1. Kindly provide the Kirkwood hydrodynamic radius of region 1-41 in Å, to one decimal, from all pairs of distinct alpha carbon atoms.
2. Go ahead and run the numbers for FRET between Trp171 and Leu16, Cβ-Cβ distance against an R0 of 22 Å, rounding to 0.05.
3. When only the heavy atoms of the protein chains count and the probe is 1.4 Å, how do Leu16, Leu6 rank by accessible area, highest first?
Amino acid sequence: MTLFGLLSLAGILWGLALVPGLSVVAVTTRTATLGPVHGVAVTAGIVLGDLLFIALALFGLTALAQLLGGVFVVIRVLAGLCLIGFGIHLLRHAGASPAATPVVARGSLGTSFLAGLLITLGDMKAILFYLSLLPVFVDLGRVTSLEALMILAVSVFAVGSAKLLYVVLAWRLRTWRVNPRLRTPLQRAAGGVMVGAGAWLVARP
């Protein structure tokens, strides 16, 4: 695998990781409500989920993933319930000023990490994406251990750095002064989006 190939793969994964989605919603919400350390924990869960999917694609274990299809459905439902829980928390605390809210509120880092992991693993179609993308850069039938490690390292950097950028942005926005009249509607809107996204995950066929 060439250096150009690694850089190209990194660029593609980084760009895709920046696209707003459920994972971005989880990262930004946990950062804004509980602090940047929770945003980092969600990011770590997301990265681990991506690494598992990439490993399945690299080592030809997609058949195993298909056999475990029912497990991924359960994971998707759990991810949806996590998002619903986060959304309800926002709705219940709508109107609270950042100054009055503790930087690290009641909330487990493990919960944040698990939320990122479940949201990622809940989308089993990601395996098909990696199966179509990775062969452009490496022969999956003859991939070496070194090539696999390089791909995994690039994935950690690309996906992790993209999500951490959202952590920084969300924390900066949290520290900005917001018109009190706008704070409650904004928080309620964010909570509603999370509840809706979670409900969509649970109900999705």
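The values are calculated or read from the model by the stated rules, or taken from the named source; none is laboratory data. Just so we're clear, the structure is a prediction, and the values are computed from it rather than from any experiment. Here the Cβ positions follow ideal geometry from the backbone for every residue, glycine too, while neighbour counts run over all protein chains shown. We work out accessible area using only protein heavy atoms, side chains counted, and drop any ligands, DNA or RNA first. Shrake-Rupley method; radii C 1.70, N 1.55, O 1.52, S 1.80 Å.
1. 11.7
2. 0.45
3. The most accessible residue leads, giving Leu16, Leu6.
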